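First comes the structure, then the notes that go with it.
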Amino acid sequence: MAGVEVRLPRPRKRLAQSLPRVAGEGDRDLVAPGDTITTDPGYMRGHGTYMGSEKLVASVAGVVDRVNKLVCVKALKTRYNGEVGDVVVGRITEVQQKRWKVETNSKLDSVLLLSSMNLPGGELRRRSAEDELAMRDYLQEGDLISAEVQAVFSDGAVSLHTRSLKYGKLGQGVLVQVSPSLVKRQKTHFHDLPCGASIILGNNGFIWIYPTPEQKDEEAGGFIANLEPVPLPDREVISRLRNCIVALVAEKLMLYDTSILYCYEASLSHQIKDLLKPEVMEEIVLQTRQRLLELEG
């Protein structure tokens, strides 16, 4: 009788045995619902917290964040909460009068107004009835776009704009959806990686990986997508980057250009399909974490 190989999950090593529960300077404590954050009455209650018997208690599982005397808990797994200036990647879900509805991983659909986008060719003029009739020629249902958050309404809905030429319709590439809490906020979220691919790290957890264009097309105004066949080497690089991001997400490591590039370099000794195996994921992310610690230290 042939033997059956059974692989059991191994327990994770704890990074820290105990964490202080008082919201002090620079704390990044992990809390669960019902955990006491602080008993000091001088702190103000923020999102993800509530007052219970003269102490501040967490109402969600996440990371304690303190700004002066305001204490809040940022949930580890949540929908996207928009902030003005965020770079997002979204999918058009509906064409309406003078606006598009966009799915951006938030609680409500986002809105892209016809007046908040560049016209093809970068023309600067008032939008006319002809532009309204041609809206579906610009963007239609299912199209992916990159945009910036222009405003956040009182109900949490987000208004977008694509007035810069770096935003607009996305062409060929791969979309990876992750938790928004794993995307690190940076000055720029558009990165041309030295491995031959480019990446857009949306603050909403939508990550777009695409082949680096040979030349930037400034004349198109962000609406002409390149639909030429992508060469096999570029597709392999994109697939490897996608699997590296999946590995980083599985090990709960923050996503930004340096961590993704280090993970890509650590994965070069493995085949692309092997990167989805749990033991290989753990190995390449451990190497990535060590390099990041060396970089910081």
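Which pairs, out of Lys98/Lys169; Lys166/Lys277; Lys98/Lys184; Lys101/Lys277; Lys69/Lys252, put more than 26 Å between their alpha-carbon atoms? Can you show the working numbers first?
On the way: Lys98/Lys169 17 Å; Lys166/Lys277 36 Å; Lys98/Lys184 33 Å; Lys101/Lys277 38 Å; Lys69/Lys252 29 Å.
Over 26 Å Cα-Cα: Lys166/Lys277; Lys98/Lys184; Lys101/Lys277; Lys69/Lys252.
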Shape verdict for region 91-189, please, from the Cα gyration tensor: rounded (a/c under 1.5), prolate (a/b greater than b/c) or oblate.
prolate
Additional length obtainable on full extension of the chain from Gln96 to Met51, 0.36 nm per residue less Cα span
11.9 nm
Using a probe radius of 1.4 Å on heavy atoms only, what accessible surface per residue do you get for region 33-109? Whole Å² is fine.
57
Per its Cα gyration tensor (rounded if a/c is under 1.5, else prolate when a/b beats b/c, else oblate), region 150-276 is best filed as oblate
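If you roll a 1.4 Å probe over region 39-107 with all protein chains in place, what percent of the accessible area is carbon or sulfur? Don't jump to the answer; show the numbers that get you there.
Details: 1950 of 4030 Å².
Result for region 39-107: 48 percent of the exposed heavy-atom area is carbon or sulfur.
Might you tell me the accessible area per residue for region 175-297, computed with a 1.4 Å probe and given in Å²? Write out the running numbers ahead of the final one.
On the way: 6560 Å² over 123 residues.
That works out to 53 Å² per residue.
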Region 159-297, dipole about Cα centre (Lys/Arg Cβ +1, Asp/Glu Cβ -1), debye to the nearest 20:
500
Determine the distance separating the Cα centre of region 53-128 from the Cα centre of region 237-261; give it in Å without decimals.
23
Pulled fully out, how much extra length does the chain show between Ser269 and Asp234, if you take 0.36 nm times their separation in residues and subtract their Cα-Cα distance?
10.8 nm
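Tally Lys/Arg at +1 and Asp/Glu at -1 over every other residue whose Cβ is under 14 Å from the Cβ of Ser159; what's the total? Could you put the intermediate results ahead of the total?
Values: positive: Lys98, Arg99, Lys101, Arg163; negative: Glu83, Asp86, Asp109, Glu148, Asp155.
Net local charge, Ser159 excluded: -1.
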Sort 161-174, 80-93, 267-280 by the packing proxy (mean of other Cβ within 10 Å over each peptide's residues), most packed first.
80-93, 161-174, 267-280
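The values are calculated or read from the model by the stated rules, or taken from the named source; none is laboratory data. All of these numbers come straight from a predicted model, not from anything done at the bench. Positions of Cβ are generated from backbone atoms using ideal geometry, with glycine treated the same way; all protein chains shown enter the neighbour counts. Ligands, DNA and RNA are stripped out before the accessible areas are found, and what is left, the full protein with its side chains, is counted by its heavy atoms. Shrake-Rupley method; radii C 1.70, N 1.55, O 1.52, S 1.80 Å.
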